[in-house]
1. Would a scan of the range 145-165 turn up a residue that is loosely packed, with under 13 Cβ neighbours inside 10 Å, aliphatic (A, V, I, L, M), more than 26 Å from P225 (Cα to Cα) and at pLDDT below 95?
2. Does the range 45-56 contain at least one residue that is in contact with a Leu (Cβ under 9 Å, 6 or more places away or on another chain) and assigned to a helix (DSSP H, G or I)?
3. Within the bounds of the range 1-8, is there any residue that is open to solvent by less than 30 Å² (accessible area, probe 1.4 Å) and either touching a helix residue (DSSP H, G or I) at 6+ places or on another chain (Cβ under 6 Å) or modelled with pLDDT of 90 or more (or both)?
4. Output the residues belonging to the range 192-201 that are more than 23 Å from Y104 (Cα to Cα) and either without any contact (Cβ under 8 Å) to a residue 12 or more places away in the chain or open to solvent by 30 Å² or more (accessible area, probe 1.4 Å) (or both).
5. Just wondering, is there one or more residues in the range 165-178 that are free of Cβ contacts under 8 Å to residues at least 40 places away in the same chain and of a type in the set (G, A, S)?
6. Looking at the range 125-135 only, could you name the residues that are crowded, with 17+ Cβ neighbours inside 10 Å and either closer than 16 Å to D366 by Cβ or of a type in the set (F, W, Y) (or both)?
7. Being in a loop (DSSP other than H, G, I, E, B), over 20 Å from Y104 (Cβ atoms) and modelled with pLDDT of 95 or more, is that true of even one residue in the range 345-353?
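The values are calculated or read from the model by the stated rules, or taken from the named source; none is laboratory data. This structure is a prediction, so every number in the text was calculated from the model and none was measured. For neighbour counting, all protein chains shown are included, and Cβ atoms are generated from backbone atoms with ideal geometry for every residue, glycine included. Heads up: the accessible areas ignore ligands, DNA and RNA and are worked out on the full protein's heavy atoms, side chains in. Shrake-Rupley method; radii C 1.70, N 1.55, O 1.52, S 1.80 Å.
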Amino acid sequence: DQERRLRTGRCRLETSRAVMDFLPTLKKAVVKETDVSVETGELKILRKRKKEILEMKVQVQNQEDDLVVSGEENVEEDAIREKERCLWNNVKNKSIARLVTTIYAHTIVFLVLTVQVNLLGGRLLREELEEKESTMEQKQDADNASSGANRYRTSHQNVLAKTYHHLFAEGIPSLAGSVEQAVTEILQTWDVLGDSASLRDVSTWMECVRDKIEQRKEKTGGLNPLLKFIIPPEGEEAAAGHDETKNSTDAAEDELAKYILDETYDLLESPTYANAQRRCLDATFDQLRTKVIGELFLREDRLPLANVVTHLQKSAVATFHKPPSYREEMKSWEGVLGMMEEPLPSVPNAYISKLERLEDVLELADVCF
C-alpha cells in the first residue's frame, strides 16, 4: 500500500546514505591491504640510479678505460632492470587486487545495509501500526512513534557496530589477501615492463579471479563463499554479543539490535541474498568493463601493461568514490521522488544507481521489510 511504498522508498534512501558514510572507511581499509608505497619508493630510487649511471657513461665515453667501466655499469643496469621488473609485477598484482577487492567490499556493504535497513524499517512500521490499533490516546501514539524512531536509530548503530567491526577488522584483510593470491596466480606470466594488454585480456583476468573467489566452477554445497568475510565465527560473535549486552543500558534497544543481527545472518545465508549478490557483482563488473576500462581502449586495441595497471589502480578505483551526474541521479530516483519529502538525495556513485534498481535487489529488500 501507499505507506509501505513510502517506507521502502525511505529505506532505499537510508541505504544509499549509509553506503556513502561507509565509503571512506572502505577505501582506507582496502588501500591499507593493497599498499604499493614501498614498491613505488624503491622504483624512484632505481630510476635515480639509472640516471646517474647514464651520466657517468657520458663522462667517461672518451676515456681509455671506457670498456671496463661500461661493462661494470652494464651489469648494474641489468640488475636494476630485473629489480624493476620484480617491483612492477608486485605493483601489478596489488593494483588489480585493490580494484577487485573494492568491488567485492562495495557489494557486500551495499547488500548488508539493504538487508538491515529494511529489516529495521519493516519492524518499526509494524510496531507503529500495532500502536495505532490500540485504544491509547492520540498523543501517546505520537510519543510512542517518536520513541520507536529513536530506538530504531540506536539499534541500527548497535547493529552496524557489531556487523562491520568484523568486516573491516577481519573480513576485508582476508578478502584482499585471497584476491591478491588469485591475481598473482592468474597474471604470473604477464610482464609489466614488456607486455601489452587488450580489453579482452583485462576482462579475462577479472572473470578468472571471480571464478576463484566466488568458486563459480566448484561445488560449494550451496554455501556462499563470500559469507566468511561478513559473518564472524560463532565464538567471536558470541563474545561480541556478550560485551554489548553487558554495556547496554536499554534492554529493549538491545533486544531489537539482537533481532536485527540474527535476522541479518539468516538472510545472508538465503538463496534470495545469493541471487542478489550474484546480480550485483555481474552488474558491477559489466559496468566497470564497458564504462570505465573500455574507455581506456577507445583509441588503441592494445596498451602497455604498465599503463593499464596504473588506470586500474587509480581511475577505475576512483569511480567507486565519485558521485554520478545530476541526470543519472534523477533517473535513479524516478518514481520515488514524488513520495519523498526530503530533497533529491545524492547517491554515492554510479554503481549504486544501477544496483538499487536491480530486480533481485528489490526482491531482497521486499523480503527483509
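1. Yes, some residue in the range 145-165 is loosely packed, with under 13 Cβ neighbours inside 10 Å, aliphatic (A, V, I, L, M), more than 26 Å from P225 (Cα to Cα) and at pLDDT below 95.
2. Checked against the condition, which is being in contact with a Leu (Cβ under 9 Å, 6 or more places away or on another chain) and assigned to a helix (DSSP H, G or I), the range 45-56 yields at least one hit.
3. Checked the range 1-8: no residue is open to solvent by less than 30 Å² (accessible area, probe 1.4 Å) and either touching a helix residue (DSSP H, G or I) at 6+ places or on another chain (Cβ under 6 Å) or modelled with pLDDT of 90 or more (or both).
4. Matches in the range 192-201: L193, G194, D195, S196.
5. Yes, the range 165-178 has at least one match.
6. Correct list: L125 only.
7. There is no residue in the range 345-353 that is in a loop (DSSP other than H, G, I, E, B), over 20 Å from Y104 (Cβ atoms) and modelled with pLDDT of 95 or more.
Conditions tested, residue by residue: (1) open to solvent by 70 Å² or more (accessible area, probe 1.4 Å); (2) of a type outside the set (G, A, S); (3) modelled with pLDDT under 95; (4) assigned to a helix (DSSP H, G or I).
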| position | (1), (2), (3), (4) |
| --- | --- |
| P232 | no, yes, yes, no |
| G235 | no, no, yes, yes |
| K246 | yes, yes, yes, yes |
| E253 | no, yes, yes, yes |
| E263 | no, yes, yes, yes |
| N275 | no, yes, no, yes |
| Q287 | no, yes, no, yes |
| L298 | yes, yes, yes, no |
